[in-house]
Amino acid sequence: MHILIVRFSSMGDVVLQTATVNWLRSLYGASLRLSFVTSKEFVSLLERHPGINHVFSFDRRGGDKWSDLIKKIDGLEEEHPIDLIIDMHATMRSFRLKMNFWTTPALTVDKRRWERFLLTKFKGAFFKRLISEKVFGLEPQVERIINDFQDMFHDHHGVRATKDYVHGPHGEMTSLGLLEEYKIEGEYLVLAPSASFSPKRWPVKNFVELAKKLLEISSYKIVILAGADDNFCEAFNGISSDRLLNLQGKTSLKESMSILSRAKICIGNDSGMNHIAEAHGVSCLTLFGPTDPRFGFAPHGCSSRYLSKELWCKPCSTTGSKPCFRDKLYCMEEITVSEVVKAYESMGVQA
Ligand code: SF4
């Protein structure tokens, strides 16, 4: 059996598909050959995953030609014919890929786009409950996909969704080196203040206050993880503590994964960093702004928590990409530092 999974982006969504990878691997064991097509920037999330045999990289922004990707897949198909394509992206791009292999059976994920759209339009409490519980279902998205697909695999043995993401040894030495270099030994917390779209970010001044408070009430060290463009994280440089390490822009995605995998907890927005942490079994505290936990992206570990305000304007878009139409970002600004600290304390990880 050879399955090709297609998910080009984004970071968190690519990570979440590894639950399906684990589930398929648990069904078919070593008899399964599993290939994955993704965007170049996310290859490092998958390339050492023990459940994946081959990762195809596509760099659209870097000028990769579509025909070259198809040729690469064709080359592998000659050796290992593809039995099934699972389209986890459900966009024109993934449709085009399926069309190139139109004789191969394909499954396409139901992303509940319509239900998510309804939630952004009918914001009254009654409709939210109706749409969420009756139409949407309340499972996390990782379980929903597997539960949608499982009857199509005749030998699914009634296996329910798994949320585990078994990671490989990549990046560990580098991140260990980094941690040693900065004298971050022992247990530490990660703060991940970034997100793909700015309305999804809890204000950085709140993250700074939170860091100060956590340094005061715990003995943990704190590592800040964010991308090269997230210069707003310079705000952390005003904290003078040798227990705080601001690694914004200093780590590759592999290194960030490795640092996250060793963290005690990760506190961040509804973003890929929290999904990576949870996939490594690390508890998360996720702060939701314009998106809604009912979309299925809330953390699901038993010690994980999330905070989300019930506002008349929320959710205002399905991905959090639309600019806020109010005079300020109430959905984020109404989440207070003391609420976050209280949620952190309820996770049972104090030191
Ligand atoms: S405050 Fe309301 S309108 Fe503004 S981003 Fe948040 S949910 Fe959307």
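The values are calculated or read from the model by the stated rules, or taken from the named source; none is laboratory data. In this text the structure is predicted, and so the values were computed from the model without any measurement. Positions of Cβ are generated from backbone atoms using ideal geometry, with glycine treated the same way; all protein chains shown enter the neighbour counts.
Looking at Ser271, Ser283, Ser261, Ser240, can you tell me which residue is under 23 Å from Ser44 (Cβ atoms) and more than 16 Å from the ligand (Cβ to nearest atom)? I'd like the intermediate steps shown before the answer.
On the way: Ser271 fails: more than 16 Å from the ligand (Cβ to nearest atom); Ser283 fails: under 23 Å from Ser44 (Cβ atoms); Ser240 fails: under 23 Å from Ser44 (Cβ atoms).
The match here is Ser261.
Those residues that are buried (at least 18 other Cβ atoms within 10 Å of the Cβ) and either within 8 Å of the ligand (Cβ to nearest atom) or assigned to a loop (DSSP other than H, G, I, E, B) (or both), I need them from the stretch 330-345; list them, please.
Cys331, Met332, Ile335
Looking only at the stretch 51-81, which residues are of a type in the set (D, E, K, R) and closer than 17 Å to Met99 by Cα?
Once the filter is applied, which keeps residues that are of a type in the set (D, E, K, R) and closer than 17 Å to Met99 by Cα, the stretch 51-81 yields Lys65, Asp68, Lys71, Lys72, Asp74, Glu77.
Show the residue pairs that are 6+ apart or on different chains and have beta-carbon atoms under 8 Å apart, the first residue being within the stretch 277-300 and at pLDDT below 85, the second being buried (at least 24 other Cβ atoms within 10 Å of the Cβ) and charged (D, E, K, R).
Short answer, once both residue conditions are applied: His300/Glu278.
If Phe58 meets every condition in (1) touching an Asp or Glu at 6+ places or on another chain (Cβ under 8 Å); (2) within 25 Å of Asp148 (Cβ to Cβ) apart from one, which number is that one?
With (1) touching an Asp or Glu at 6+ places or on another chain (Cβ under 8 Å); (2) within 25 Å of Asp148 (Cβ to Cβ) applied to Phe58, the lone miss is (2).
So, in the stretch 239-283, of the ones that are of a type in the set (Asp, Glu) and within 16 Å of Ala343 (Cβ to Cβ), which residue ends up surrounded by the fewest Cβ atoms within 10 Å (Cβ to Cβ)?
At the first step, the residues of the stretch 239-283 found to be of a type in the set (Asp, Glu) are 242, 255, 270, 278.
Still in the running and within 16 Å of Ala343 (Cβ to Cβ): 270, 278.
On the way: Asp270: 29, Glu278: 27.
Among them, the one singled out is Glu278.
Going by the conditions given, is Ser304 within 19 Å of Ala19 (Cα to Cα) and touching a residue at least 40 places away in the same chain (Cβ under 8 Å)? Break it down stepwise before answering.
On the way: within 19 Å of Ala19 (Cα to Cα): yes; touching a residue at least 40 places away in the same chain (Cβ under 8 Å): yes.
Yes: the conditions hold for Ser304.
Counting only residues that are more than 14 Å from the ligand (Cβ to nearest atom) and surrounded by fewer than 21 Cβ atoms within 10 Å (Cβ to Cβ), which one in the stretch 299-329 is nearest to Ser194 (Cα to Cα)?
Of all residues in the stretch 299-329, those more than 14 Å from the ligand (Cβ to nearest atom) come to 299-306.
Of the ones still in play, those that are also surrounded by fewer than 21 Cβ atoms within 10 Å (Cβ to Cβ) are 300-306.
On the way: His300: 20, Gly301: 21, Cys302: 24, Ser303: 22, Ser304: 19, Arg305: 18, Tyr306: 16 Å.
This residue is Tyr306.
Is it fair to say Ile131 is hydrophobic (A, V, I, L, M, F, W, C) and either farther than 19 Å from Phe297 by Cβ or modelled with pLDDT of 75 or more (or both)?
No.
In the stretch 22-54, which residues are part of a strand (DSSP E or B) and buried (at least 19 other Cβ atoms within 10 Å of the Cβ)?
Arg33, Leu34, Ser35, Phe36, Val37, Thr38, Ser39
For (1) among the polar types (S, T, N, Q); (2) part of a strand (DSSP E or B); (3) without any contact (Cβ under 8 Å) to a residue 40 or more places away in the chain; (4) in contact with a His (Cβ under 6 Å, 6 or more places away or on another chain), each residue gets a yes or a no:
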{"residue": "Ala228", "(1), (2), (3), (4)": "no, no, yes, no"}
{"residue": "Phe232", "(1), (2), (3), (4)": "no, no, yes, no"}
{"residue": "Ser241", "(1), (2), (3), (4)": "yes, no, yes, no"}
{"residue": "Gly249", "(1), (2), (3), (4)": "no, no, yes, no"}
{"residue": "Asn274", "(1), (2), (3), (4)": "yes, no, no, no"}
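Could you please find all residues in the stretch 70-95 being more than 25 Å from the chain's Cα centre (by Cα) and either under 20 Å from Ser9 (Cα atoms) or part of a loop (DSSP other than H, G, I, E, B) (or both)?
Result: Ile70, Lys72, Ile73, His80, Pro81, Ile82, Asp83.
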